[in-house]
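Readers should treat all values here as calculations from the given coordinates under stated rules, not as data from a laboratory. Keep in mind the model is a prediction, meaning the values are calculated, not measured. Quick reminder, even Gly has a Cβ in these numbers, built from the backbone with ideal geometry, and neighbours come from all protein chains shown.
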Amino acid sequence: MIDALLTVMATANGAIHWVDLGLNPIALQLGPLVLRWYSLAYLFGIVLAWWYLLKLLKQPGAPMARRHADDLVFYATLGVILGGRLGYVLFYKPVEYFHNPVEIVRLWDGGMSFHGGVIGTSLGIIYFARKQKLDWLRLHDYVACCVPFGLFFGRIANFVNGELWGKPSDLPWAIVFPRTGFDVARHPSQLYEAGLEGIVLFAILWFAFWRTKARYDPGKLVGLFLLGYGLARFTVEFFREPDSQFAGTFFATTIHMGQLLTLPMILGGIYLIVTAARRRARVEPIAGSESVA
């Protein structure tokens, strides 16, 4: 995809057209069986997050053992799917889904709310932690370090689907998305989010985990995640076209729904970071390595 984008940028007379990039939302179709890149994005994100979580758990002071990881991933994944879908229904299209409730289960057609997914995942982690008598906040710290994988692939899938495009732009890399109904070049805001929410946020959390003692301050890593994601999303929304159902409303002319939903994340992230040091205590690892004061 990157090679195609660079080629088109070098040869096009004017704006880049999404249709010239050779993208197809469907990755594989065998008769009635349709496999979309959107679905694969979730799969890739979950598998990589699982793999990375196991690497984090090998370090001293881990809040759970390897035997806990599989169940945690199950509860977190369930929270992502259920919370993400219900969040989209409630935050973005409550009236439409109220009149067509059967559409709620059509996950393959897209329509997921990251903020709803965060709530669902958090509830799943808290339930799992209480069930296993583990520290729920430290589990959040470790899971937060793994989330950027899913964010990156999810935003790339949005771009491949030609959805969630940006506002009109005359920048060299602006793209004409056919589903807008207008021959207008726009910011590829999906790629902006993939870079900030996926690559940059992962780098920040990687540095905090591997190069500092942040993992011994309960809440600091998840606080960094909430603050980093919130700032990234709030910023990119200035370049992103508001959702069509909010056209002409407060959530299009003053503040986007995505920005409104990030404000609690930003405030919560700041609080967790500022108060993390006072929660630091002797960490008794579950995995059997030495204690860390």
Completion exercise
Counting only DSSP loop positions in the stretch 43-93, the trypsin sites (Lys or Arg not before Pro) whose Cβ has at most 15 other Cβ atoms within 10 Å are 58
Handout entry: Compactness relative to 2.2 N^0.38 Å, alpha carbon Rg of the stretch 148-235
Key = 1.32
Problem - Highest average packing first - 208-220, 264-276, Cβ atoms within 10 Å - result: 208-220, 264-276
Problem - Extension gain, residue 255 back to residue 78 (0.36 nm per residue minus Cα-Cα distance, nm) - result: 60.7 nm
Problem - Alpha carbon Rg of the stretch 41-84, scaled by the compact-globule rule 2.2 N^0.38 Å - result: 1.20
Problem - Alpha carbon convex hull of the stretch 16-66, projected area averaged over orientations, nm² - result: 6.4
Practice task
Could I get the Rg over Rh figure for the stretch 139-199? Both from C-alpha atoms, Rh via Kirkwood, rounded to two places.
Solution key: 1.12
Problem - 10 Å-binned pair-distance histogram of the stretch 198-245 (Cα, whole percent) - result: 24, 43, 20, 11, 2
